[in-house]
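Here is the structure we will look at, set down as C-alpha cells.
The values are calculated or read from the model by the stated rules, or taken from the named source; none is laboratory data. Computed from a predicted structure; not experimentally measured. Please note: Cβ atoms are built from the backbone with ideal geometry, for glycine as well, and neighbour counts cover all protein chains shown. Note: accessible area is taken over every heavy atom of the protein model, side chains too, but ligands, DNA and RNA are not part of it. Shrake-Rupley method; radii C 1.70, N 1.55, O 1.52, S 1.80 Å.
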Amino acid sequence: MDVIKKLEWRYAVKKFDEDKLLSEEKLNKLIQAFNLTATSYGLQPIKLLVVQNKELQKKLMTHSFGQQQVAQASHVFVICIEKHINAEYIHNYFNRVKQLRNTEDEILNPFKGALIESFSKKEINEVRNWATNQAYLALGTLMTVCAIEDIDACPMEGFDPASYDIALGLKEKELTSVLALPVGYRAQDDMFATLKKVRKELDESVIRISE
C-alpha cells in the first residue's frame, strides 16, 4: 500500500452512492481508529455518534445548509465534545490508567493534581476550545483511515451545532457537536472525483531545517 497514493485518491465527496453501505468490518475499523486517536493528556474529551438512519440523516441535512451528502451517506459520524471537563472527569481518567497499568498512586497523583488545578483555572470557552482541538485531531485520524480503507468521506464544519444537538439528544448526554463526517462510497457521477487536487508546491508548504 502506498499511503501517498491513498491520500491523493481521497477528496471531500460531493455525492455519495446511496445504495452502497459500509460493512460492519469497515465501520468497526473507523470506530476503533477514533478511539485510538491521540488527544492532549490522553483525556479523550470527545465522543463519536454514529448515525445510520435515513430519516434522521434527512433531518440533519436540513441543519447542514442542505448539503445532500448527509442524507446520502452510508453513515454520518458526528464528533462531539464533553461539556464538563472537571475534577471528577480527570479522576475517572486516572482511575482508568491505574486499572489498566497498575500504576502506583504516588506516581499518578502529582500529574493528576496538576491537571485538576490547571483545568479549574480555565474559563469555560477555553476548555471548549481545547476540547474542540482534540476533535480535529480525531477528524484527521478518521479521514486518513478512510483513505487507507478505500472509504469516502466529506468533513463538515458547515452545520448548525445547536440544531444537531437537539436532533440527536446531545443535551441529555452532556455533549455538544462540533464536526460532522458523512462516510460511504462516492457516486460514479460525482464530477469532483476526477478533478486534480489543488495544493501548494512542497517548497511553499514545508520548511526543512537541518545541519
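Scan the range 23-35 for residues that are of a type in the set (A, V, I, L, M) and under 14 Å from Ile148 (Cβ atoms) and report the count. First the steps, then the outcome.
First, the residues of the range 23-35 that are of a type in the set (A, V, I, L, M): 27, 30-31, 33.
When the remaining residues are screened for being under 14 Å from Ile148 (Cβ atoms), the result is 30, 33.
Looking only at that region, the number is 2.
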- Selection status of Gln67, under 15 Å from Leu179 (Cα atoms) and not aliphatic (A, V, I, L, M): yes
- If you check every pair at least six apart or on different chains, which have Cβ atoms under 6 Å apart with a residue in the range 179-203 that is in contact (Cβ under 8 Å) with a residue 60 or more places away in the chain and of a type in the set (D, E, K, R) first and a residue that is open to solvent by less than 40 Å² (accessible area, probe 1.4 Å) and assigned to a helix (DSSP H, G or I) second? Arg186/Ala193
- Item | Residue check, Thr39 among the β-branched types (Val, Ile, Thr), open to solvent by less than 40 Å² (accessible area, probe 1.4 Å) and over 26 Å from Thr132 (Cβ atoms) | no
- Query: Failed condition for Ser74, given (1) more than 30 Å from Gly184 (Cβ to Cβ); (2) open to solvent by less than 30 Å² (accessible area, probe 1.4 Å), with all others met?
  - Reply: (1)
- Query: Can you find even one residue in the range 42-61 that is open to solvent by less than 10 Å² (accessible area, probe 1.4 Å), in contact (Cβ under 8 Å) with a residue 24 or more places away in the chain, out of contact with any helix residue (DSSP H, G or I) (no Cβ under 8 Å at 6 or more places or on another chain) and farther than 26 Å from Glu123 by Cβ?
  - Reply: no
- Taking the range 31-71, which residues are within 20 Å of Ala187 (Cα to Cα), part of a helix (DSSP H, G or I) and polar (S, T, N, Q)? Gln57, Gln69
- Does any residue in the range 101-124 that is over 11 Å from Ile90 (Cα atoms) come within less than 7 Å, Cβ to Cβ, of a residue that is open to solvent by 70 Å² or more (accessible area, probe 1.4 Å) and assigned to a helix (DSSP H, G or I) six or more places away or on a different chain, and which pairs are these? Leu108/Lys98
- Message: Of the residues Lys20, Lys14, Lys6, only one is in contact with an Asp or Glu (Cβ under 6 Å, 6 or more places away or on another chain), among the charged types (D, E, K, R) and open to solvent by less than 100 Å² (accessible area, probe 1.4 Å); which?
- Response: Lys14
